[in-house]
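Comments concern the structure below.
The values are calculated or read from the model by the stated rules, or taken from the named source; none is laboratory data. None of these values were measured; they are calculated from a predicted model. Glycine also receives a Cβ, built like all others from the backbone with ideal geometry; neighbour counts cover every protein chain displayed. Please note that ligands, DNA and RNA were not included when accessible areas were found on the heavy atoms of the full protein model with its side chains. Shrake-Rupley method; radii C 1.70, N 1.55, O 1.52, S 1.80 Å.
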Amino acid sequence: MISSVRGTVIAVAGTTAIIEVGGVGLSVSVTPQLGLSLRIGTEARLRTALIVREDDLALFGFREADELAVFDLLRGVTGVGPKSAMGVLAAISPAEIATAVATENDAAFRKVSGIGPKTAKLIVLSLAGKMLPFAATAPNAPTSATPVSESVLVALVGLGWSERVAAQAVDEAVAEASAMELASVPALLRVALTRLGPRQPSAARSEGVPS
């Protein structure tokens, strides 16, 4: 597995960059934005994913670790191949993807070439609960995120609440919880569940708001 490359950029054309490493020119697929930022003759260091197929070896490069991690998550979704995953990252940042998943906004993915309505919905469903590490800079992320509140958010999503509903409940719980409750996952979880009320996760998911 080639997890990173560092070398001189010897050519860039669209979404393909040639990086010379140890006298060997490696062809790396990149997003259009990254391609525009690379300069011939300068050194580049990229995090990479090597995709091996029966008749092909393809190397995909990223400037940030978050982009590579989200690329791998997207490839895990049925119907999303490496090229489609790159298309998503070319159009939407990891934080924006986290927000789209949290708010169940599949329209954000439908605008990407090659991503149809069914695949867009599947991306939202498949990535639910997996985008929390990338949501720190997302507008929908809890404003008072701590290890305890993040654990409670993960627990609520695991119980079946949507990320959007769970995040709102956690924000409200953090605002009203005591210092002792803020330091305890079980205690803060109880406060959040109180905010959610007796409604079942499936009902809240369909309505989009907690009681």
ask   = What accessible area per residue comes out for the chain, rounded to a whole number of Å², with a 1.4 Å probe?
value = 52 Å²
ask   = Can you list the lysines whose alpha carbon sits under 19 Å from that of K111, skipping same-chain ones fewer than 8 residues off?
value = K83, K121
ask   = Using a simple charge model, +1 on the beta-carbon of Lys and Arg, -1 on the beta-carbon of Asp and Glu, nothing else, what dipole does the chain show about its Cα centre, in debye to the nearest 20?
value = 320 debye
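Quickly estimate the mean residue ellipticity at 222 nm for the chain, helices only: each DSSP H run with n ≥ 4 gives -39500 (n - 2.57), and the total goes over all residues, rounded to 500. It would help to have the intermediate numbers written out before the result.
On the way: 11 runs with 100 residues, N = 211.
The helix contribution divided over the chain gives -13500 deg cm²/dmol.
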query = Counting only Cα, what are the radius of gyration and maximum Cα-Cα distance Dmax of segment 23-120, in Å?
reply = 14.2, 47
inquiry  = In whole Hz and in residue order, list the ³J(HN,Hα) couplings for segment 91-100 that follow from phi through the Karplus curve 6.51 cos²θ - 1.76 cosθ + 1.60, θ = phi - 60°; x for Gly and Pro.
reply    = 9, 9, 6, x, 5, 5, 5, 4, 5, 4
key: Selection of trypsin sites (Lys or Arg not before Pro), segment 26-64, meeting DSSP coil and at most 14 other Cβ within 10 Å   = R39
query = Quick one: if you stick a label point 7 Å off each Cα along the C-beta vector at R110 and A13, how many nm between them?
reply = 3.6 nm
message = How large a share of the accessible area of the chain, in percent, is made up of carbon and sulfur atoms when the probe is 1.4 Å and the other protein chains stay in place?
response = 54 percent
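Note down the relative contact order for the chain as a percent, whole number, built from C-alpha pairs under 8 angstrom at least six residues apart. Mind dumping the intermediate values first?
On the way: 328 pairs, mean separation 26.3, N = 211.
Relative contact order, the chain: 12 percent.
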note = Sequence order, segment 47-59: Karplus ³J(HN,Hα) from phi using 6.51 cos²θ - 1.76 cosθ + 1.60, θ = phi - 60°, Hz rounded, Gly and Pro as x, gives 7, 10, 10, 9, 9, 9, 10, 4, 10, 7, 10, 10, 10
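So, with +1 on the Cβ of K and R and -1 on the Cβ of D and E, and no other charges, what is the size of the charge dipole of segment 56-141 about its Cα centre, to the nearest 20 debye? Walk me through the intermediate numbers first.
On the way: 8 positive and 8 negative charges, 57 e Å.
Charge dipole, segment 56-141, about its Cα centre: 280 debye, nearest 20.
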ask   = What percent do you get for the relative contact order of segment 1-96 when only Cα pairs under 8 Å and 6+ apart count?
value = 24 percent
